Amino acid sequence: DQQVKQNSPSLSVQEGRISILNCDYTNSMFDYFLWYKKYPAEGPTFLISISSIKDKNEDGRFTVFLNKSAKHLSLHIVPSQPGDSAVYFCAARFSGGGADGLTFGKGTHLIIQP
Amino acid sequence: GAVVSQHPSRVICKSGTSVKIECRSLDFQATTMFWYRQFPKQSLMLMATSNEGSKATYEQGVEKDKFLINHASLTLSTLTVTSAHPEDSSFYICSVHPGGRGYTFGSGTRLTVV
């Protein structure tokens, strides 16, 4: 049972436009959310995160929005650049009193077209 | 952030043999490390949490006798896939959580069992 869902396997966006990647979760215990970028045969690279006490976090071209009531978060990339083409994973964690691993979605392959 | 080195980056082994994967935290003393596995077009799945000086904690469905984890020092955790079979072929990734922003991942190990 997928607790973190990324329902779009792929997304194609024109260079310079906004890319919006979506993520839904089912476990209300999750209190910390992260977005990672991944190239084939490489480990994920951290992009941005958000705590459940916030609804928005911004870092340069990347903004993450969290809607707790809808159990939904999204990553906005603006403007989109060719180097942004990669697979983006949404991940979540709940603080169970110790160091906990992450639960990942299946990823969305973002393709930035020139 | 932390720097994580994972070795080897890819390995091909014969069915029935064992393979050891190393994960080193180069600039952070990690009492805990995480091991993930990713099958093609799937999400990263947490396999186990490696604890320095004590037994690893395995996720449900992960065979602890097949995936041996040793975390003998604060900078090194190893995952040994014992008696590997073709269905164990996957991408294995380790990570550490230095606190604060996100988790840092190694570059991953592509295991192919023939």
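Observations on the structure shown:
- Where Cα atoms sit under 23 Å apart: lysine pairs in chain B separated by 8 or more or lying on different chains: 7
- Fewest-first sequence of A:50, A:111, B:12 by Cβ atoms within 10 Å of each Cβ: B:12, A:111, A:50
- Shielding score for A:36-46, defined as the mean number of other chain Cβ atoms within 10 Å: 6
- For the pair residue B:64 and residue B:26, a Förster radius of 25 Å applied to the C-beta separation gives a FRET efficiency near 0.35, rounded to the nearest 0.05.
- Bridgeable aspartates and glutamates around residue A:37 (alpha carbons under 19 Å apart, same-chain partners fewer than 8 residues away excluded): A:15, A:24, A:58, A:59, A:84.
- For the protein assembly as shown, Cys with no neighbouring Cys Cβ under 4.7 Å: B:13
- Sites residue B:85 and residue A:58 - FRET efficiency at Förster radius 45 Å, r taken between beta-carbons, to 0.05: 0.45
- Least to most buried among A:84, A:55 (fewest other Cβ within 10 Å first): A:55, A:84
- Charge dipole (Cα centre; +1 on Lys/Arg Cβ, -1 on Asp/Glu Cβ; no other charges) of the protein assembly as shown amounts to roughly 200 debye.
- Alpha carbon centroid spacing (whole Å) that separates the stretch A:33-92 from the stretch B:6-36: 27
- Rounded if a/c under 1.5, otherwise prolate or oblate - the stretch A:35-114, Cα gyration tensor axes: oblate
- Assuming charge only on the beta carbon of Lys and Arg (+1) and of Asp and Glu (-1), the dipole of chain B about its Cα centre is about 220 debye to the nearest 20.
Bear in mind these aren't lab numbers, they're just calculated from the coordinates by the rules spelled out. Note that the coordinates shown come from a computational prediction; the quantities given were computed from them, not determined experimentally. Cβ atoms come from the backbone with ideal geometry, glycine included; neighbour counts cover every protein chain shown.
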